[in-house]
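The structure appears right after this line, and notes come after that.
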């Protein structure tokens, strides 16, 4: 799974554990933060077109993830 690449999926950098041994994933730095926070920020004037583009990107990334998992579990 390390070699998977898709423009709508963040590359996993690593995994570590917090002081309670709960797993935490390490992802690349995103200058504008995570998408949910970006969408909820009232300072960002997002149009329906912007939100549609985000939704399409998420769907395409999820499709790739599902197809990859199908190949792994076969």
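The values are calculated or read from the model by the stated rules, or taken from the named source; none is laboratory data. Note that the structure is predicted; figures quoted are calculated from it, not measured. A quick note on method: Cβ atoms are made from the backbone with ideal geometry, for glycine too, and the neighbour counts reach across all protein chains shown.
Contact map, the stretch 17-37: residues that are free of Cβ contacts under 8 Å to residues at least 12 places away in the same chain paired with residues that are loosely packed, with under 10 Cβ neighbours inside 10 Å and part of a loop (DSSP other than H, G, I, E, B), Cβ distance under 9 Å, separation 6+ or inter-chain. Pairs shown: 24/18.
Scanning the stretch 25-40 for residues that are touching a helix residue (DSSP H, G or I) at 6+ places or on another chain (Cβ under 8 Å) and surrounded by 10 or more Cβ atoms within 10 Å (Cβ to Cβ), we see that the one that is farthest from residue 8 (Cα to Cα) is 39. Residues of the stretch 61-74 that are over 18 Å from residue 34 (Cβ atoms), assigned to a helix (DSSP H, G or I) and free of Cβ contacts under 8 Å to residues at least 60 places away in the same chain: 63, 66, 67, 69, 70, 71, 73. If you filter the stretch 22-40 down to residues that are out of contact with any strand residue (DSSP E or B) (no Cβ under 9 Å at 6 or more places or on another chain) and either assigned to a helix (DSSP H, G or I) or at pLDDT 95 or above (or both), you find that the one that is farthest from residue 69 (Cα to Cα) is 40. For the criterion of being over 16 Å from residue 7 (Cβ atoms) and within 11 Å of the chain's Cα centre (by Cα), residue 22 fails.
Yes or no: the stretch 2-20 includes at least one residue that is assigned to a helix (DSSP H, G or I) and loosely packed, with under 10 Cβ neighbours inside 10 Å. No, because not a single residue in the stretch 2-20 is assigned to a helix (DSSP H, G or I) and loosely packed, with under 10 Cβ neighbours inside 10 Å. Residue under question is residue 49, and the condition is that it be modelled with pLDDT under 90 and over 30 Å from residue 71 (Cβ atoms); does it hold? No; evaluated as a whole, the condition is false for this residue. When residues in the stretch 41-60 are screened for being exposed (fewer than 10 other Cβ atoms within 10 Å of the Cβ) and in a helix (DSSP H, G or I), 2 of them pass.
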